[in-house]
Amino acid sequence: ENPYGEGKLYRSGDLAKWLPDGNIAYLGRMDDQVKIRGFRIELGEVESALRQLAGIQDAVVVATNNHEIQSLCGYIVSQTVVDPFEIKQNLTKFLPSYMIPSFIMQLEQIPVTSSGKVDKHRLPSPNVRALVEHDTFVAAQNDREKELVTIWRDILVSEQIGIYDNFFELGGNSLLIMSMLARIEERYPGIVKVGDIFANPTIAQLATFIDVSSQTALRCSQVPFPDSYLLGSRNKAFVFHFQDNSDLFHVLKEMQSESETALESWLLFLYTYSVIEAAGQQELSVCYGANNTFSSFEICNHDDLNVLLENVNSKKQAAPKCTQAKFIIDYKQNGLFPMFLYQFTGNKGYSEYCDFSFSFTMNEEAVYFEAKIFNRTLNSDYIQSLFSRWIQIVQHVSLKDKDNNKVW
């Protein structure tokens, strides 16, 4: 019943009091529900997940404020020394990322009141420096590490950060990862992804990863396309296929038997010409994968297509190759990152960078062409049209005169 009038009252679980001036002061929750970064979290659910982990005898979770950043801290009791990072990794099997505590503190026992309830006022506040695995502070040794330390200081709101400090043990979480990646992307575009942070959680590891990746990564520039390619469409198809087991198959199969390298160069040239025609660019960056390696090169258009074919062939031969799907991308206005794949069997990580790809495969029965769109904001009608145009060019030029080495 509503003692104040008509209608129903809703018990929200919030604790508040009337002030003398008529305003209401919010005092907190009457239950164990908290709100972290917009998510309502039942602390008991997190505690239950912690108790399910091997070796954990008891657990309590509270919401804390560290430098005005609200986060969760898990207090655990275990007979063996636990690894906080391992605890957080194991919790991902039971909880979404926003419910993973930023801090894990191991206690000999959980403090309780005289009535046997958890005495949260006696729980120690998470000391960020005390939670770091390494007792010895090691400062940044080079420019790369110093840049990363500066980013971590801003993101984690912590002054003293050593190169062996663990990002997650310092309070890092999924939201802070995205903030950190945005800063790293400005300095090292296309190098670091979310999974790389989990695999390299210290400054020393992350700096080494960036050094190695920068050396092995391919540098590619986006290709500016007309606005029509970027406006989206009602067509929700993102994969297109074409196959042939007749004339085109026999011509390309014959070319392959004569020279696999020549067939690869031929199809790469026709792909390059199709992209030049669609984008309306006189210069572009060509990125492609062949078998299990990636390559990239810059090419200029030429009115004589036989010259363009020779240039593509020479550029392809001189281009550096790598097996890792790592790309340093130079971003352009209206830029897209297309890729051509020839009989590709290598690392599929290119899909994290690529907006769309055209691929070619052939077996003893037929040839197969495929277009795949990874950037779902693109206008798939235009990508499909470009794919169809490429197939038309391949058919026209390959079948026109298979004995004539001239393109036109």
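Only the coordinates and a few stated rules stand behind these numbers; no lab work does. Quantities reported herein were computed from a predicted structural model and do not represent experimental measurements. With ideal geometry, Cβ positions are generated from the backbone for all residues, glycine too; neighbour counts draw on all protein chains shown.
Binning the C-alpha pair distances of the range 219-400 at 5 Å intervals from 0 yields a P(r) profile of 1, 8, 17, 22, 22, 17, 9, 3, 0 %, listed from the shortest bin outward.
Put a plus charge on the Cβ of each Lys and Arg, a minus charge on the Cβ of each Asp and Glu, and nothing anywhere else: the dipole of the range 143-216 about its Cα centre is then about 120 debye. Neighbour counting of Cβ atoms within 10 Å sorts the residues Ile24, Ile373, fewest neighbours leading, into Ile24, Ile373. The distance from the alpha carbon centre of the range 45-114 to that of the range 281-358 is 48 Å, rounded to a whole number.
Site pair His121 and Ala54 shows an inter-label distance of 4.0 nm when each label is modelled 7 Å from Cα along Cα→Cβ.
Using DSSP loop states and a limit of at most 10 other Cβ atoms within 10 Å to flag GluC sites (Glu not before Pro), what is the longest stretch of the chain containing no flagged site?
160-363
Ranking Asn166, Leu107, Tyr4 by Cα position along the charge dipole of the chain, where only Lys, Arg, Asp and Glu carry charges on their C-beta atoms, puts Tyr4 farthest toward the positive end.
As a proxy for reagent exposure, Cys322, Cys287 were ordered by neighbouring Cβ count within 10 angstrom, fewest first; the result is Cys322, Cys287.
Multiplying each eigenvalue of the alpha-carbon gyration tensor of the chain by 5 and taking the square root yields semi-axes of 57, 26, 20 Å, largest first, rounded to whole angstroms. In the range 14-126, taking the dipole from charged Cβ atoms about the Cα centre, the farthest positive-side position among Gln33, Pro20, Gln52 is held by Pro20. Structure note, pairs Lys321/Lys348; Lys326/Lys372; Lys253/Lys316; Lys8/Lys120; Lys193/Lys321; Lys35/Lys326: Cα-Cα distances above 27 angstrom occur for Lys8/Lys120; Lys35/Lys326. Approximating the spin labels as points 7 Å out from Cα along Cα→Cβ, the Phe94-to-Ala262 distance works out to 6.5 nm. Solvent-free Debye calculation, one equal scatterer per alpha-carbon of the range 143-216: log10 I(q)/I(0) at 0.16, 0.25, 0.26 Å⁻¹ equals -0.47, -1.30, -1.43. Net charge dipole, the chain: roughly 740 debye, given to the nearest 20, about the Cα centre with Cβ charges of +1 for Lys and Arg and -1 for Asp and Glu. Fully extending the segment from Leu19 to Ser233 would add 71.5 nm, taking 0.36 nm per residue of separation and subtracting the current Cα-Cα distance.
For the pair Thr208 and Phe374, label points projected 7 Å from Cα toward Cβ lie 2.7 nm apart.
The length gained on full extension between Asp143 and Phe242, counted as 0.36 nm times the residue separation minus their Cα-Cα distance, comes to 30.6 nm. Toward the positive end of the charge dipole of the chain, with +1 on the Cβ of Lys and Arg and -1 on the Cβ of Asp and Glu, the farthest Cα among Ser398, Val275, Tyr98 is that of Tyr98.
Helices that extend 18 Å or more along their long axis by alpha-carbon positions and average at least 0.5 on the Kyte-Doolittle scale are, among the DSSP H runs of the chain, 174-187, 203-216, 260-279.
Each Lys and Arg contributes +1 and each Asp and Glu -1, all at the Cβ; summed about the Cα centre of the range 43-114, the dipole is approximately 140 debye. Here the calculated FRET efficiency for Thr80 and Phe198, from their Cβ-Cβ distance with R0 = 30 Å, stands at 0.80, rounded to the nearest 0.05.
Counting other beta carbons within 10 Å of each residue's own, what order do Lys236, Lys253 fall into, fewest first?
So the residues, fewest neighbours to most, are Lys236, Lys253.
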